[in-house]
Amino acid sequence: MAGRVYEGGRTGNKPPEAKHRQIVRRALAGDAHRSYLRGWSGKMKQKRTNLAYDVFVSYHHSDGVWVQNWLLRRLEEAGLKACVDFRDFQPGAPLIVQMEEAIAQSRFTLLVLSPDYLHSEWAAWEIGLVEAFDPAERQRRVIPLLLRPCELPMRIATLSYVDFTRPSEIEVQLNRLLFGLGVRTPLSPDRSVPTDTMERLPPATKEPREYSRTAIRDLLAAAMSDEELTLLCFDHFRNVYESFTTGMSKPQRIQILLDYCERRARVDELLAVVRMERPYQYERFQHQLEQR
């Protein structure tokens, strides 16, 4: 078997933060590693005094506009202190470590469920970490929010969820959510935005946007070093990472990543990740990306 590539083609040494990334491998493996997660949760529970947040919001970036412009505002209107990645995560710090800390330092974790979220390779890991804190769900630390119709995995389907898929009932469901988060005073209906907040979301089965392949290649080449590209694939596109071999050049790896994302209709997800991690570089190439 060909060796894995780290640090510009060298093998043998694990990439930076490999210790934390082992959590991802083990969580994605399923029940066989529940004991590992319980050991991790035991250490993290020692830190659960004077929690920094009421709720950590876990969502897919395709739903980020709705989370940022509507959900976050409503949570904070109710007096809750929410943790969200785009505002509360420290730039330059390992994403995995910050997610661990966000879950550990929040009374609840809110899962914003959609087909994109459940198809994400991060979803199983985040859900696994939350379950590690409360395997029997006695503390009810995880609250599912169904934003788009989708088939829920068994581990979530057994939980009561708030249903935001019916626009006429969004305010009722919002107050159900707030009650679950400990808020006992219902919010008044939101008159500043249309009741049908779903109009702000792209449809669940939408045609993928088209982008310039050349611009995407140039963006990835300029925004990421060899090592950073490898870690991006490890974190977000595991099948691509597993296909990297010793001696493979950076342009070859970019091509494999781009081909994979186009075949799986995940180009939007790739660009969302790059935009989050390298906003300055993304802005430089944004106009070129939209020129087909």
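The values are calculated or read from the model by the stated rules, or taken from the named source; none is laboratory data. Because the structure is a prediction, the values reported are computed rather than measured. Every residue, glycine among them, receives a Cβ derived from its backbone with ideal geometry; neighbour counts consider all protein chains shown. To get the accessible areas, we keep the full protein, side chains included, count just its heavy atoms, and leave off ligands, DNA and RNA. Shrake-Rupley method; radii C 1.70, N 1.55, O 1.52, S 1.80 Å.
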How long is the gain from residue 150 to residue 166 if the chain were fully straight, where each residue apart is worth 0.36 nm and the alpha carbon distance is subtracted? 4.4 nm
Please give the per residue accessible area of segment 212-292, computed with a probe of 1.4 Å over protein heavy atoms only, in Å². 48
Segment 79-87 - phi-based ³J(HN,Hα) in whole Hz, Karplus 6.51/-1.76/1.60, Gly and Pro as x: x, 8, 9, 9, 10, 10, 4, 5, 10
Hey, rough spin-label estimate for residue 213 and residue 97, points 7 angstrom out along Cα→Cβ, what's it come to in nanometres? 3.9
Estimated FRET transfer efficiency (residue 88, residue 286; beta-carbon r; R0 25 Å; 0.05): 0.50
